[in-house]
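As C-alpha cells, the structure follows; a few thoughts come after it.
The values are calculated or read from the model by the stated rules, or taken from the named source; none is laboratory data. None of these values were measured; they are calculated from a predicted model. For neighbour counting, all protein chains shown are included, and Cβ atoms are generated from backbone atoms with ideal geometry for every residue, glycine included.
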Amino acid sequence: MSSSGWRAVLVSTTQAGLLTWGLATGAAALIHGGEAAASAAAGGGLVLVLSFLSLALIDWAERHRPHLAIPLFMMGFGIKIVVLALAMPLVQPGQWLHPGWALGSGIAVLLVWQIVEVLSFARMRLAIEPDA
C-alpha cells in the first residue's frame, strides 16, 4: 500500500468518527442535557483519539519505515482495545458522567470507525509484504 493509501484510510475513518462523535454528542444534549453531552463527548472522544493515533502511527511508518507498517497496524489495534478495556474499570467517573451515553458514544464511534476502515481496505489493493 502506498503512503497515500494509509493517509486515505486515516482521513476517511477520522471524518466518519468525527461525524459519529458529533451526532452522539448532539443527541445526548438534545435528549438528556449538558452532562449527557459531556459524557458522550468523553466516551466517543477517547475512542476517536486512540483510533486516530494508531492509524497516524501507521501512516508515519509507511512513509519512513514501510516494513513496520503491517506489524504496527496489528499492534496498534491491540493496544487500542487494551487501553479502552482498562479505561472503563480503572477510571473513576464523576457524578456528572452518564455511563450509558459515554459507553454508547464510544461503541458507536468504534463501530463506525472499524466499518469505514474495512470498507477503505476493501477498495484498495494491499500488499502483504511491502517492497523493502
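Quick notes
- Selection status of Ala56, over 12 Å from the mean Cα position of the chain (by Cα), of a type in the set (Gly, Ala, Ser) and either surrounded by 14 or more Cβ atoms within 10 Å (Cβ to Cβ) or closer than 13 Å to Trp101 by Cα (or both): no
- Residue in the stretch 2-17 that is under 10 Å from the mean Cα position of the chain (by Cα), modelled with pLDDT under 95 and of a type in the set (A, V, I, L, M) present: yes
- Every pair of residues 6+ apart whose Cβ atoms lie under 6 Å, when the first sits in the stretch 51-68 and is closer than 14 Å to Arg7 by Cβ while the second is polar (S, T, N, Q): Phe52/Thr14; Glu62/Ser3; Arg63/Ser3
- Number of the condition not met by Ile81 [criteria: (1) in contact with a Gly (Cβ under 9 Å, 6 or more places away or on another chain); (2) free of Cβ contacts under 8 Å to residues at least 24 places away in the same chain; (3) of a type in the set (Val, Ile, Thr)]: (1)
- Number of positions in the stretch 87-111 that are in contact with a Phe, Trp or Tyr (Cβ under 9 Å, 6 or more places away or on another chain) and either within 15 Å of Ser54 (Cβ to Cβ) or of a type outside the set (S, T, N, Q) (or both): 2
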